[in-house]
Amino acid sequence: MSVPDSAVGDEMKQAKEIEDAEKYSFMATVTKAPKKQIQFADDMQEFSKFPTKTGRRSLSRSISQSSTDSYSSAASYTDSSDDEVSPREKQQTNSKGSSNFCVKNIKQAEFGRREIEIAEQDMSALISLRKRAQGEKPLAGAKIVGCTHITAQTAVLIETLCALGAQCRWSACNIYSTQNEVAAALAEAGVAVFAWKGESEDDFWWCIDRCVNMDGWQANMILDDGGDLTHWVYKKYPNVFKKIRGIVEESVTGVHRLYQLSKAGKLCVPAMNVNDSVTKQKFDNLYCCRESILDGLKRTTDVMFGGKQVVVCGYGEVGKGCCAALKALGAIVNITEIDPICALQACMDGFRVVKLNEVIRQVDVVITCTGNKNVVTREHLDRMKNSCIVCNMGHSNTEIDVTSLRTPELTWERVRSQVDHVIWPDGKRVVLLAEGRLLNLSCSTVPTFVLSITATTQALALIELYNAPEGRYKQDVYLLPKKMDEYVASLHLPSFDAHLTELTDDQAKYLGLNKNGPFKPNYYRY
Amino acid sequence: MSVQVAAPAVELKELGGPREKGAAAPSRPAEPGPLPPPGLGLAGAPCPLPAPAGEREAAVAAPGAGCGAERPPVSGCPGLPAAGLPPGAAKVPQASAMKRSDPHHPQHRHRDGGDGGAGREAMVSPDGTVTEAPRTVKKIQFADQKQEFNKRPTKIGRRSLSRSISQSSTDSYSSAASYTDSSDDETSPRDKQQKNSKGSSDFCVKNIKQAEFGRREIEIAEQEMPALMALRKRAQGEKPLAGAKIVGCTHITAQTAVLMETLGALGAQCRWAACNIYSTLNEVAAALAESGFPVFAWKGESEDDFWWCIDRCVNVEGWQPNMILDDGGDLTHWIYKKYPNMFKKIKGIVEESVTGVHRLYQLSKAGKLCVPAMNVNDSVTKQKFDNLYCCRESILDGLKRTTDMMFGGKQVVVCGYGEVGKGCCAALKAMGSIVYVTEIDPICALQACMDGFRLVKLNEVIRQVDIVITCTGNKNVVTREHLDRMKNSCIVCNMGHSNTEIDVASLRTPELTWERVRSQVDHVIWPDGKRIVLLAEGRLLNLSCSTVPTFVLSITATTQALALIELYNAPEGRYKQDVYLLPKKMDEYVASLHLPTFDAHLTELTDEQAKYLGLNKNGPFKPNYYRCWF
């Protein structure tokens, strides 16, 4: 490692500033993010903004990408009691004598192992992938450098990759999301992990550098979440790309960066966009939000839904999920929508399509999921009835005009974590959840099953890229082949004890399909 | 015409025997009228023209299995029908063949009226036709035709993932009672001299005096087609179709009449013929003629009449069409054959049916398409209504009408979880049924799981289910083996593409007894006394035993109207000689015109919001690849 730590940090900042100033809003997210935790919501906003700026609107979001740190299912066994010594200063070795890692406390490994085992229960797809592919070791020889949230779910992924024959070095893509125990467990199991909860920005890049820059080991695959690792390798070790067979990127932001690179002709290896795979999108948006809207509202307000009047702004995938869940619990659901096709769908699904100001006086709950800004304005807030609940399930924290509530005549009372009462002079109060940030990330959990979809997709993308014959993938950004997407889904079917029907030869011929898929053309709308 | 040829060839293979065709195929225009006889393909096979009546009889007489008599909906499509064509004739008359095949259906209706008691048909009204259908021997074939439909796309590697119900279904449900049909005289409308109240005789319908009845039908239809009415109002000021001369060939029903009058209100001149020889509602045609539209159509045209009518629409002195609205491609074909020069003035073709669209793509591929064409069949809104929403309702309707069963607590297995399957499952679940799903595509399978349905293989549940519904588009999904293992009084029906999904042929064995217990309902009885209830002999349940709501047809008609407006007003160069999908924005507009029906209030973007999203305030709101309209 040639560059001294602090120098690296500074250098990077400079580089970033330059980029920021010029065209790459590229690093913006990362630079800001690590400094303050509060910023998290803003980061999300940045996330959404990226695409907007270039005129490509992201129609769905990747929840799984970054949500891990807010709910972190793992209890923090030891965090608060920890010493203040930076992990970088510590000398630690695992039980096999290796010290090729850097985690908070290797002794927590046992706790972490339990977390991983719990996660494995709900990630049967990865486990079955392990079993199915263990014989042929499709990743034998793969040297994967990864940068993702380090959680129990990621650990299952990493250990799956190892079981398939890969060597892995891993760092965290977020300075706060790492589960120390899990990192320790991975280190104990021999994975080179460089991550702990509460890294400084300097630590962050140091960890990434430790993953990439190692004597006698050169990565040939990249698994990235957010594009920081890719960016670092581009900046510092461009030669590494000579050996790299491909990049797998999961996040909206990272994918956007890759497309920019590709457009600029600077992408020198194939990249796989797993964010937009059909299966992952459905789970991140429709299915995940269908559950988390109820969960988030219950945890924060203990509200009962039956008979409540709810208005859901936006009837895209997220809105559809929210509406389905609320309807099932007996709520009276109204919809606002700008797109007539989606509006017509809402009608046909039995929801009233209204304008927000027509129902704002009477509703008990307002939920935004438009991806738009200022959908709920101060005017709307003024007209809401007492104890109306306002929350956001959309892209960013722009949907509710929260800043308009920061005026002297209104009193804010924090009644619980993530729950504010905003009190009007006449005593009316509005219940604002998570200060208008994403409810499902702030006040709810992302089910392991959803993360399993993501992790499985990533694993298959790595296998595909690593084993693809020369020439199948050029220096471009690809979507996961339909067939792999279908395979991800099929690996999750056993969880439901679902029995997929197979085509007979005769039927396959009649339909003009291969018996093993792909079963739908690319343009099919599921 | 190369195009046609291609299509029919396919069909032919499937066909059983040329039976009735022989007679029909060769028809030539008895009365060429001003035009040269429409001998299209016919040339090869000169034949005696069967009088319309005679032909009808012939059809009826033809032994059932082969004839596709009642395939109601599909009617629009030329390709299919060919059931009976003699190979030689095949190439040409595909269109005619098509016409021909449809006939039975209507016929049968006609007959019912006669024998069943005069009033009956009228009373039954909407679906009367359908219900009675079974009596005709022929109708069995219906399914085959559907199959043809599906096959074509498959063969060319483009699998049709959904079907277009609305396109042609009009004749199966035809909401209009036939006030006068049975009492009519037998004079061919072509031989009659008729004038409307304004003295014009530029039309040819069964009986202009029925206009008043037809007007009522149209008024009823207008109630359920608010979108077209709104379009009339909105666009009436600017007359976006002023100067348009539209020649059309569609089913002539009350719904079409609303469309036609809308086009007229928007400034267009229209001339219209029927795309199906049996689907015309005579009263409606009369009403249109009375209000000044040159309509050439009556119920029970002969093939010769059919082409004569089309020709009368196209070939007029001092009037040359500049737009074509087609359903099935026959009109387009005719113009290509007979008046290729007309295309010089034609600004575009709007085509609605699967078949017609397929023909256009073939033309385009062959480089022979010389004007822009708009494929309205595949618009998002239309597809959703044809499949998801329509089937969600018709599965319950169809089962109720045929079996009067109760759904609560029943165990149902739905084969296939595409759009149709999703609709069926949603409806059945809402009724309290226990729903199982079978699926081959793991993504759809996972969707089914997440929607709360048990995913099974058919043979795992076949012994215990009360209802089996197929909607896969596949063949032999329910085999004899499955049928053997079903429990007593299990109901088996098909909501999918064709009649291939249930292996009905395997049930035609000596040890099994078939009992027709109602129209469209057969009991198949095993030697041990077990019986299963087979609906519509495995043909499409929703077409055979249910109705297509006017609202769904309204979606289609509005889409057509907008497509015409778009093509007519598009600046030079926007559309080349190719087949286009309706622009997303127009698709959104179709949807928006239907929102007032639900008293739905669409939110508008503020300028600031539009800027934030990078959208135009008026749409389009989604990129073309957006796939989440589910």
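Shape verdict for region A:102-218, please, from the Cα gyration tensor: rounded (a/c under 1.5), prolate (a/b greater than b/c) or oblate.
Oblate is the answer for region A:102-218, as a/c is 1.5 or above yet b/c matches or exceeds a/b.
Rounded, prolate or oblate: pick one for region A:286-436, where a ≥ b ≥ c are the square roots of the eigenvalues of its C-alpha gyration tensor, a/c under 1.5 means rounded, and failing that, prolate if a/b is larger than b/c, else oblate.
prolate
With unit charges on the beta carbon (Lys/Arg positive, Asp/Glu negative), name the residue among A:Tyr524, A:Ala434, A:Leu465 whose Cα is farthest towards the positive pole of the charge dipole of region A:431-526.
Farthest towards the positive end: A:Tyr524.
Simple spin-label model, 7 Å along Cα-to-Cβ: B:Val316 to A:Asn522 in nm?
A separation of 4.7 nm, rounded to one decimal place.
Work out the length of the dipole vector of region B:327-391 about its Cα centre, built from +1 on the beta-carbon of each Lys and Arg and -1 on the beta-carbon of each Asp and Glu, and round it to the nearest 20 debye.
Value, rounded to 20: 420 debye.
Label point 7 Å out from B:Met406 along Cα-to-Cβ: which residues of region B:438-470 have amide N under 17 Å?
The answer is B:466-467.
Looking at this model, which pairs from A:Lys355/B:Lys384; B:Lys384/B:Lys585; A:Lys428/B:Lys622 are more than 27 angstrom apart at the alpha-carbon?
A:Lys428/B:Lys622
Between A:Phe496 and B:Asn569, what FRET efficiency follows from the Cβ-Cβ distance if R0 is 56 Å, with the result rounded to 0.05?
For R0 = 56 Å, the calculated efficiency reads 0.60.
Ranked from highest to lowest mean number of other Cβ atoms within 10 Å per residue, what is the order of the peptides B:400-413, B:303-316?
B:303-316, B:400-413
Could you size up the charge dipole of region A:286-436 around its Cα centre, putting +1 on the beta carbon of Lys and Arg and -1 on that of Asp and Glu, and report it in debye to the nearest 20?
Charge dipole, region A:286-436, about its Cα centre: 260 debye, nearest 20.
Taking R0 as 41 Å, what's the FRET efficiency between A:Lys243 and A:Glu110 from their Cβ-Cβ distance, rounded to 0.05?
The pair A:Lys243/A:Glu110 has a calculated efficiency of 0.65.
Structure shown: which of A:Lys266/A:Lys474; B:Lys206/B:Lys347; A:Lys509/B:Lys487 lie over 24 Å apart, alpha-carbon to alpha-carbon?
Over 24 Å Cα-Cα: B:Lys206/B:Lys347; A:Lys509/B:Lys487.
Find the centroid of the Cα atoms in region A:200-279 and in region B:456-483, then give the distance between the two in whole Å.
With region A:200-279 and region B:456-483 each reduced to a Cα centre, they are spaced 49 Å.
What's the average, rounded to a whole number, of partner chain beta-carbon atoms within 10 Å of each residue's beta-carbon in A:481-493?
3
Multiply the residue separation of A:Asn357 and A:Ser86 by 0.36 nm, subtract the distance between their alpha-carbon atoms, and state the gained length in nm to one decimal.
Once the chain is fully extended between A:Asn357 and A:Ser86, it gains 92.2 nm.
Neighbour counts of other C-beta atoms within 10 Å: give me B:His482, B:His358 arranged from fewest to most.
Fewest to most other Cβ atoms nearby, the residues stand as B:His482, B:His358.
Can you classify region B:392-542 as rounded, prolate or oblate using the Cα gyration tensor, where a ≥ b ≥ c are the square roots of its eigenvalues, rounded means a/c under 1.5, and otherwise it's prolate if a/b beats b/c and oblate if not?
Since a/c reaches 1.5 and a/b is larger than b/c, the shape of region B:392-542 is classed as prolate.
As an exercise, identify the trypsin sites (Lys or Arg not before Pro) in region A:355-398 lying in DSSP coil whose Cβ has no more than 15 other Cβ atoms within 10 Å.
A:Arg361, A:Lys385
Simple spin-label model, 7 Å along Cα-to-Cβ: B:Ile220 to B:Gln193 in nm?
Output for this residue pair reads 3.5 nm.
Please compare each pair in A:Lys90/A:Lys137; A:Lys298/A:Lys482; B:Lys475/B:Lys576; B:Lys344/B:Lys617; A:Lys143/A:Lys236 to a cut-off of 27 Å on the Cα-Cα distance and tell me which ones are over it.
A:Lys90/A:Lys137; A:Lys298/A:Lys482; B:Lys475/B:Lys576; B:Lys344/B:Lys617
What distance in nm separates the two pseudo spin-label positions at A:Lys509 and A:Ala328, each 7 Å out from Cα along the beta-carbon direction?
Going from the A:Lys509 label point to the A:Ala328 one covers 4.3 nm.
May I ask for the distance between the Cα centers of region B:363-387 and region A:346-397, given as a whole number of Å?
38 Å
The numbers here are math on the coordinates, done by the rules we state, and not lab data. Every value quoted in this text rests on a predicted model; they were computed, and no experiment measured them. When we count neighbours, we look across all protein chains shown, and the Cβ atoms used for this are built from the backbone with ideal geometry, even at glycine.
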